[in-house]
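Asks: Structure in structure tokens, see below.
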Amino acid sequence: MGVDGAERAYLTTRLNDSPFQQSLTGTAAKYFADFYELNDATTPVAQWSFNPVAQTPASLYGATGPLANSSTIREGFIPNNQGVVANQSILMEAFSYFGPQSSIFEPITVKELIALLSTRTVSGTPTVDEVEGAVAYITAISRNSNRLYYTGWSCRGCGAPGYTAGYVIAAVSTDRRFVRMVNVMTDSD
């Protein structure tokens, strides 16, 4: 589940270490900040709804094709009165609606998101229009913060007979209370 208390304490010392912070490039500093925020070593419990969206992925991406055909989308909002924000624990809980998980969530840049969405899905290779539409839809809720995370998954007998695998992209709003997840199936027996 991300980091434990001792690891979190070490990350805090690095966050407050000016020479260390100055040694990071822009992208590395963003990764570090996103990783630190995501892995806050807490396991909050939230009462929130994480539901499938009403529209199809194709309509949300503005294009049809393999990426839209291989995607399922859920989103939800954590009410303000709970004192809880999206972190590793909340994202993993939300992912459980899709199925089992094989790894923790990790930060991803927009450039990496584009590359990931451009890879082959179970339905074929996505079109440029689908990828651009998906990126616009996914990043819309994170505004300029680009709080984007991903994880891979695999399962036997989940949603299809035999083996299935894929990845999930999680976009988190600036206030860390709204989460949108796009699950993409990449393999199936």
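Asks: So VAL85 fits all but one of (1) surrounded by 14 or more Cβ atoms within 10 Å (Cβ to Cβ); (2) β-branched (Val, Ile, Thr); (3) within 13 Å of the chain's Cα centre (by Cα); what number is the exception?
Replies: (3)
Asks: Also: I'm checking my understanding of the structure. Among residues of the stretch 124-149 that are hydroxyl-bearing (Ser, Thr, Tyr) and modelled with pLDDT of 95 or more, which one is nearest to VAL179 (Cα to Cα)? Please lay out each step first, then the result.
Replies: First pass over the stretch 124-149, keeping only residues hydroxyl-bearing (Ser, Thr, Tyr): 125, 127, 137, 139, 142, 145, 149.
When the remaining residues are screened for being modelled with pLDDT of 95 or more, the result is 125, 127, 137.
Details: THR125: 26, THR127: 25, TYR137: 13 Å.
Residue satisfying both the conditions and the ranking: TYR137.
Asks: Sort out which residues of the stretch 121-132 are part of a helix (DSSP H, G or I) and either β-branched (Val, Ile, Thr) or open to solvent by less than 30 Å² (accessible area, probe 1.4 Å) (or both), and write them in order of number.
Replies: Keep residues of the stretch 121-132 that are part of a helix (DSSP H, G or I), which gives 128-132.
VAL128, GLU130, VAL131 - these are the residues of the stretch 121-132 that are part of a helix (DSSP H, G or I) and either β-branched (Val, Ile, Thr) or open to solvent by less than 30 Å² (accessible area, probe 1.4 Å) (or both).
Asks: Quick one: in the stretch 95-108, which of the residues that are hydrophobic (A, V, I, L, M, F, W, C) and within 14 Å of ARG147 (Cβ to Cβ) is surrounded by the fewest Cβ atoms within 10 Å (Cβ to Cβ)?
Replies: Here is the first cut: in the stretch 95-108, the ones hydrophobic (A, V, I, L, M, F, W, C) are 95, 98, 104-105, 108.
Then keep just the ones that are within 14 Å of ARG147 (Cβ to Cβ); that gives 105, 108.
Numbers: PHE105: 27, ILE108: 21.
Taking the candidates together, the pick is ILE108.
Asks: When the stretch 66-110 is examined, which residues are found to be in contact with a helix residue (DSSP H, G or I) (Cβ under 9 Å, 6 or more places away or on another chain) and under 17 Å from TYR31 (Cβ atoms)?
Replies: ASN87, GLN88, LEU91, ILE104, PHE105, GLU106, PRO107, ILE108, THR109, VAL110
Asks: Of everything in the stretch 133-157, what is under 12 Å from ASP187 (Cβ atoms), among the hydrophobic types (A, V, I, L, M, F, W, C) and open to solvent by 20 Å² or more (accessible area, probe 1.4 Å)? Give them in sequence order. Outline the logic, then answer.
Replies: Keep residues of the stretch 133-157 that are under 12 Å from ASP187 (Cβ atoms), which gives 152-156.
Filter once more, keeping what is among the hydrophobic types (A, V, I, L, M, F, W, C): 153, 155.
Result: TRP153, single match.
Asks: While we're here: Test of understanding: among SER59, SER23, SER71, SER18, which residue is over 16 Å from the mean Cα position of the chain (by Cα), surrounded by 13 or more Cβ atoms within 10 Å (Cβ to Cβ) and of a type outside the set (Val, Ile, Thr)? I'd like the intermediate steps shown before the answer.
Replies: Values: SER23 fails: surrounded by 13 or more Cβ atoms within 10 Å (Cβ to Cβ); SER71 fails: over 16 Å from the mean Cα position of the chain (by Cα); SER18 fails: surrounded by 13 or more Cβ atoms within 10 Å (Cβ to Cβ).
Result: SER59 is the single residue among SER59, SER23, SER71, SER18 that is over 16 Å from the mean Cα position of the chain (by Cα), surrounded by 13 or more Cβ atoms within 10 Å (Cβ to Cβ) and of a type outside the set (Val, Ile, Thr).
Asks: From the list MET185, MET92, exactly one residue is in contact (Cβ under 8 Å) with a residue 24 or more places away in the chain and in a helix (DSSP H, G or I). Which is it? Walk me through it before giving the result.
Replies: On the way: MET185 fails: in a helix (DSSP H, G or I).
Just a single option satisfies the conditions, and that option is MET92.
Asks: Taking PHE178 and the conditions (1) in contact with a helix residue (DSSP H, G or I) (Cβ under 8 Å, 6 or more places away or on another chain); (2) surrounded by fewer than 20 Cβ atoms within 10 Å (Cβ to Cβ); (3) more than 19 Å from PRO52 (Cβ to Cβ), which numbered condition does it fall short on, given that it satisfies the others?
Replies: (3)
The values are calculated or read from the model by the stated rules, or taken from the named source; none is laboratory data. Please read these numbers as outputs of a predicted model, since none were measured by experiment. Neighbour counts run over all protein chains shown; Cβ positions are idealised from the backbone, glycine included. SASA here: full protein model, heavy atoms, side chains in, ligands and nucleic acids out. Shrake-Rupley method; radii C 1.70, N 1.55, O 1.52, S 1.80 Å.
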